[in-house]
Amino acid sequence: MFNLIKKDFAILSKTKSDLLELLFMPFILLIILGFSLGNVFMSEFSIDTFKVGLVNEQTTAKSLDRFEADLQEDGLPAPAIAELLTAAEESDPEKALTRLLQDESLEELMETQNFDSEKAAEEAIASEEIRSYIRIPENFSYNAWKSLYLNEENGAELILNTQSDGITGNILQSVVNSFIGQYNVESSIAIATQGEAEVSTDSSEYGEVVQLSVEEPINAFQYYTIGMGVMFALFTAPSLATRAFKEKEQHVFGRMMLSGMRPLTYLVSKFISGTSITFVQLITLFTLSTVVFGTFADKELGFWIALLTLTASYALFVGSLTSILTSVSLYSNNSSTVGFFGSFVSVFAFLGGSFTPVDQFSEALKKVGNWTPNGAAMTSYLQLLQGFSLQEVFPLMSRIITLTVIALVVSVWIFPKRRLE
Amino acid sequence: MLEVKNLKKTFKKTVAVEDVDLYIEEGESVGLLGPNGAGKSTTISMISTLLPPTKGTIKYKGKDVLKNPDELRPILGVVPQDIAIYGELSAYANMKFFGKIYGLSGSQLEKKIQEILELVGLSDRQKDVVDTYSGGMKRRINIAVALMHNPEFLIMDEPTVGIDPQSRNYILNMVKRLNGEKGITILYTSHYMEEVEKLCDRVYIMDHGRIIASGTKEELKNILSNEETIVIEVAERKQAFTDLLVSQKGINQVAEEENNYQLIVSKGDQLLGEIFEQARQTNVKIKSIHIQTPTLEDVFLHLTGRKLRD
């Protein structure tokens, strides 16, 4: 087995056309596309810090006094009142929101500017100083406590006024929605467990949407390193399958079978060769791109581990594609299937987003693209670059793994074991 | 040693080989002679266990090799008609690869590579890439690879196709030595009659997928014991002259090639006078006439009405 794989590597290293296609072409295209489309990508993916107005009409002490008066009026015993007031102070929604808006994790995205009144904030919008503001009404915390602890009133109301219908408006909306959702859930849990589970005061826990909205921007070199990598990796499969067909045509395969080798050993060797060559091909491209353009230079060890894991799973898919194309060409005694697939690689690459981000496609085309193995790999790589963890990209990776298993099973099933014995 | 009975192979509706019976004794050199498309390569693909027959049996030392190919494969070396090696690699790398898949390693492998390279006369070019070799050198390395595991039985499928006379001679002498000195049993297919005559003890003649004659060279030539061959060289062949020769009583077969006519005639018939007269009538200028003893080529012409290279 090792000899067969070593032989495939040796032949590849001696075949200039294949080397050019599999190793140098993606790098050359990456240079061309990276330089020519660099600016387009930067403008599409980077978000400038934006200002958000905050109009706080509430005084917490007043709200607490009013809440205490209500509790006394309800005739609650003094210890219970003291306990509720402590809990209310600790779970003050106004404090939680102001803490969140000043949190470090949001600093890169937004800057909060305080306004004395709603009128002042409206004027700031009119003068385009800000595009959105959040108003905390006078009885915001009081209403929230009444609703949470006494099950009275209709709950607190938070007012968001935004003139932006773009990405900044969406981000702000997401931050507020996430805050409200998280606050409600945690407060409800705290009440249901009678204070044993406390409401979180850590602003970083208020919403994963906040985490999503600080995705790192992707530049053109990063995008096309991935795009060209996943596309040209697909060419490895027809290249090796064509060689396998040639081996049969020229009776080299027959020679191997006469040595006592089992046909399935040969098929497995093609799977391993396809996987190994693709892995080396992708890692070479990533390394070269990082050395020349600093593509992944600032990434941490965790990113590289995730990158290697994803690359390995995509390489396994290309290996299984190699084995299925080998099986089909040997079974049909015809290399046209391999040629047919080879001519479709560009279509797969387009659908998978190797040339243009799939965000620009229609929803239907986007879905199709993400179901192509190269598209799934591409999106996974991009998500890793944006700071997602390997666990988060696993659903997409699992598509690649599923397709790998299917391709392997089919290739073994159709491989002409009997005829070539 | 090897016995083939009633072998048949069909590809869809085309019958490629039918009713082939042959046997090979240990240490023999047997020829399978026939024109292109006669079914020789299909027959040896079946004998070498790479292509299952539609019908028939192949037994090696009494054991069915179709059911148990591993009975034959370890002692079998096959030289395919195609150059079945990796042109991108050197001769040395090819031999190392095939030696390893046959289980050779270390000093044993190295020793074997050098021994075979010496035998085929390629020691000094062993590190060169095969694609840079001449046709004759490629043929020699093609044979070398088949010898890496010391086969007792060597099947060679037209191993001299498309090479220069010098390389061809080298290969023929090498095959003779493999059979004579090393005792390797050889099944040699060719459409070159002179190769089979030089190398083989016994010959099977194939045409249209069937064995049409077999025996020692003498036995086959005895088929023509009552006939002889007249070869006429003319300045230019003419259809009218051909027609007259075909209709001439006593001429059994007429074959044409370039400026030659090859006639199989009944021994003792005095036909030269008639032939000269027919040439005069059709304005054909005869440059020379030879009367020769039959060759295997003549036997094939007699049996099929065609020349081997038609």
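Taking segment B:231-259 only, how many residues are at pLDDT 85 or above, surrounded by fewer than 18 Cβ atoms within 10 Å (Cβ to Cβ) and under 18 Å from B:Val299 (Cβ atoms)? Residues flagged as at pLDDT 85 or above, surrounded by fewer than 18 Cβ atoms within 10 Å (Cβ to Cβ) and under 18 Å from B:Val299 (Cβ atoms) within segment B:231-259 amount to 1. Is there a residue in segment A:137-147 that is closer than 17 Å to A:Lys51 by Cβ and outside any helix (DSSP H, G or I)? No, that holds for no residue. A count restricted to segment B:42-89 and to residues that are touching a Ser or Thr at 6+ places or on another chain (Cβ under 8 Å), facing another protein chain (nearest Cβ under 10 Å) and among the polar types (S, T, N, Q) stands at 1.
When the criteria are applied in full, B:Lys127 fails the requirement of being more than 29 Å from B:His191 (Cα to Cα), assigned to a helix (DSSP H, G or I), within 14 Å of chain A (Cβ to nearest Cβ) and basic (Lys, Arg). Might you check whether a residue that is exposed (fewer than 15 other Cβ atoms within 10 Å of the Cβ), assigned to a helix (DSSP H, G or I), under 18 Å from the mean Cα position of the chain (by Cα) and at pLDDT 80 or above occurs anywhere in segment A:380-387? No, because not a single residue in segment A:380-387 is exposed (fewer than 15 other Cβ atoms within 10 Å of the Cβ), assigned to a helix (DSSP H, G or I), under 18 Å from the mean Cα position of the chain (by Cα) and at pLDDT 80 or above. Screening the candidates A:Ile130, A:Ile171 for the property of being over 23 Å from A:Ser63 (Cα atoms), assigned to a helix (DSSP H, G or I) and among the aliphatic types (A, V, I, L, M) yields one hit, A:Ile171. Evaluate the following for A:Glu107: is it free of Cβ contacts under 8 Å to residues at least 60 places away in the same chain and at negative phi? Yes; evaluated as a whole, the condition is true for this residue. Of all residues in segment B:216-239, those satisfying the criterion of being part of a strand (DSSP E or B), without any contact (Cβ under 8 Å) to a residue 60 or more places away in the chain and more than 22 Å from B:Arg202 (Cα to Cα) are B:Ile232, B:Glu233, B:Val234. Is it fair to say A:Lys270 is over 22 Å from the mean Cα position of the chain (by Cα), basic (Lys, Arg), closer than 30 Å to B:Phe11 by Cβ and more than 14 Å from every other protein chain (Cβ to nearest Cβ)? Considered against the rule, which asks whether it is over 22 Å from the mean Cα position of the chain (by Cα), basic (Lys, Arg), closer than 30 Å to B:Phe11 by Cβ and more than 14 Å from every other protein chain (Cβ to nearest Cβ), A:Lys270 comes out as yes. The listed residues are A:Thr311, A:Thr242, and the only one of them that is more than 29 Å from A:Gln386 (Cα to Cα), part of a helix (DSSP H, G or I) and of a type in the set (S, T, N, Q) turns out to be A:Thr242.
Here A:Gly75 clears all of (1) in a loop (DSSP other than H, G, I, E, B); (2) in contact with a Lys or Arg (Cβ under 7 Å, 6 or more places away or on another chain) except the condition numbered (2). Can we say A:Phe253 is buried (at least 24 other Cβ atoms within 10 Å of the Cβ) and either farther than 30 Å from B:Gly77 by Cβ or in contact (Cβ under 8 Å) with a residue 40 or more places away in the chain (or both)? So A:Phe253 fails the test.
Could you list, in sequence order, the residues of segment A:19-65 that are of a type in the set (Asp, Glu) and either outside any helix (DSSP H, G or I) or modelled with pLDDT of 80 or more (or both)? A:Asp48, A:Glu57, A:Asp65, listed by residue number. If you go through segment B:86-101 one residue at a time, do you hit one that is under 21 Å from A:Leu4 (Cα atoms), in the same structural domain as B:Ser29 (by TED's automatic domain parsing) and of a type in the set (Asp, Glu)? So far as segment B:86-101 goes, yes, one or more of its residues are under 21 Å from A:Leu4 (Cα atoms), in the same structural domain as B:Ser29 (by TED's automatic domain parsing) and of a type in the set (Asp, Glu).
In the condition set (1) surrounded by fewer than 20 Cβ atoms within 10 Å (Cβ to Cβ); (2) more than 18 Å from A:Tyr314 (Cα to Cα); (3) more than 14 Å from every other protein chain (Cβ to nearest Cβ), A:Phe415 is compliant with all but (1).
Residues checked against (1) over 29 Å from A:Leu365 (Cβ atoms); (2) crowded, with 20+ Cβ neighbours inside 10 Å:
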site: A:Ile305; (1), (2): yes, no
site: A:Thr309; (1), (2): no, no
site: A:Ile324; (1), (2): no, yes
site: A:Ser327; (1), (2): yes, yes
site: A:Ser332; (1), (2): yes, no
site: A:Ser335; (1), (2): yes, yes
site: A:Phe344; (1), (2): no, no
site: A:Val347; (1), (2): no, no
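The values are calculated or read from the model by the stated rules, or taken from the named source; none is laboratory data. Everything numeric here is computed off the predicted structure, so don't read it as measured data. Counting neighbours? That spans all protein chains shown, and the Cβs are built from the backbone with ideal geometry, glycine included.
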